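Enquirer: Just dropping this structure here.
The values are calculated or read from the model by the stated rules, or taken from the named source; none is laboratory data. What you are looking at is a predicted structure, and each value in this text was computed from that prediction instead of being measured. Note: ideal-geometry Cβ built from the backbone for every residue, glycine included; neighbour counts use all protein chains shown. For the accessible areas, the whole protein counts, side chains as well, though only heavy atoms, and no ligand, DNA or RNA atoms are used. Shrake-Rupley method; radii C 1.70, N 1.55, O 1.52, S 1.80 Å.
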Amino acid sequence: MELSHIEHIGIAVKSLEDAIPYYENVLGLKCYAIEEVKDQKVRTAFFKVGQTKLELLESTDPEGPIGKFIEKKGEGMHHIAFAVSSLEDRLKEVEKMGVRLIDQQPRKGAEGLDIAFLHPKSTFGVLTELCEDKNK
Ligand code: ZN
């Protein structure tokens with residue numbers, strides 16, 4: 001596996017409207033996009049820190065993955081996303097190494113990226129996303 005950089009860090013929040021001012025006013029970042037990912041039952045807000053982004057995730061449905069996460073663990077760090085190339089091959093590769101996959105196949109995430117998640121049971125508790133930007 002060759003990871004080029006940390007693409008983003010996903011952070012679960014109860015409300016984008018409440019959380020965005022912290023990132024803008026305290027940390028001095030600029031929210032450059034808000035996007036709903038219906039599939040994942042979330043609304044996302046993006047900030048850039050150098051090459052890496054922060055992705056705030058607000059649940060649009062208490063039964064969705066972020067809704068359940070917040071109910072169980074509260075707000076906070078949700079996942080780390082690494083940028084890779086040839087995502088499909090990478091998934092096959094890590095599966096062969098015994099890593100449990102959440103997504104057998106890449107699917108569309110925010111910002112048009114192809115994404116897939118590895119199961120935190122196989123990654124020492126860190127929900128891990130691999131993503132590939134095919135528009136590059
Ligand atoms: Zn993500």
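Enquirer: Compute the distance in nm between two label points, each set 7 Å from the Cα along the Cα-to-Cβ direction, one at residue 27 and one at residue 39.
Expert: So the two model labels end up 2.5 nm from each other.
Enquirer: For residue 73 and residue 107, compute 0.36 nm times the residue count separating them, minus their Cα-Cα distance, and round to one decimal in nm.
Expert: Result: 9.7 nm gained on full extension.
Enquirer: Counting other C-beta atoms within 10 Å, and keeping those with at most 15, which DSSP coil trypsin sites (Lys or Arg not before Pro) do you find in the range 1-85?
Expert: Here the sparse-neighbourhood loop sites are 14, 30.
Enquirer: Please report the antiparallel percentage of the DSSP beta bridges confined to the chain, to the nearest 5.
Expert: Numbers: 28 of 38 bridges.
Antiparallel: roughly 75 percent of the beta bridges in the chain.
Enquirer: Let me ask you something else. Residue 36's amide H: which non-local residues (gap 5+, or another chain) put their own amide H closer than 5 Å, with H modeled 1.01 Å from N in plane and none for Pro or chain starts?
Expert: Long-range HN contacts for residue 36: 44.
Enquirer: Additional query: Quick one: angle between helix 87-96 and the longest Cα principal axis of the chain, in degrees between 0 and 90, rounded to 10, please.
Expert: 60
Enquirer: Would you work out the charge dipole size for the range 5-132 about its Cα centre, treating the Cβ of every Lys and Arg as +1 and the Cβ of every Asp and Glu as -1, and quote it to the nearest 20 debye?
Expert: 320
Enquirer: Give the residue from 135, 34, 97 lying farthest towards the positive end of the charge dipole for the range 21-136; charges sit on Cβ (+1 for Lys and Arg, -1 for Asp and Glu) and the dipole is referred to the Cα centre.
Expert: 97
Enquirer: Let me ask something additional. Please identify the longest segment of the chain free of exposed chymotrypsin sites (Phe, Trp or Tyr not before Pro), where exposed means a DSSP state other than H, G, I, E or B and no more than 16 other Cβ atoms within 10 Å.
Expert: Longest run free of exposed loop sites: 33-123.
Enquirer: In sequence order, what are the phi-derived ³J(HN,Hα) couplings for the range 103-109 according to the Karplus relation 6.51 cos²θ - 1.76 cosθ + 1.60 with θ = phi - 60°, rounded to whole Hz, with x for glycine and proline?
Expert: In residue order, the calculated couplings are 10, 6, 10, x, 9, 7, x Hz.
Enquirer: Ratio of alpha-carbon Rg to the 2.2 N^0.38 Å globular estimate for the chain, to two decimals, please.
Expert: 1.03
Enquirer: Can you work out the accessible area per residue across the chain, with the rest of the protein chains kept in place, probe 1.4 Å, in square angstrom? Please list the in-between numbers first.
Expert: Numbers: 7820 Å² over 136 residues.
Per residue, the chain has 58 Å² of solvent-accessible surface.
Enquirer: Right, here's the next one. Once the piece of chain linking residue 85 and residue 4 is laid out straight, how much longer is it, given 0.36 nm per residue of separation minus the C-alpha distance between them?
Expert: My answer for the length gained is 28.3 nm.
Enquirer: Compute the distance from the alpha-carbon center of the range 85-136 to that of the range 1-78, in whole Å.
Expert: 18
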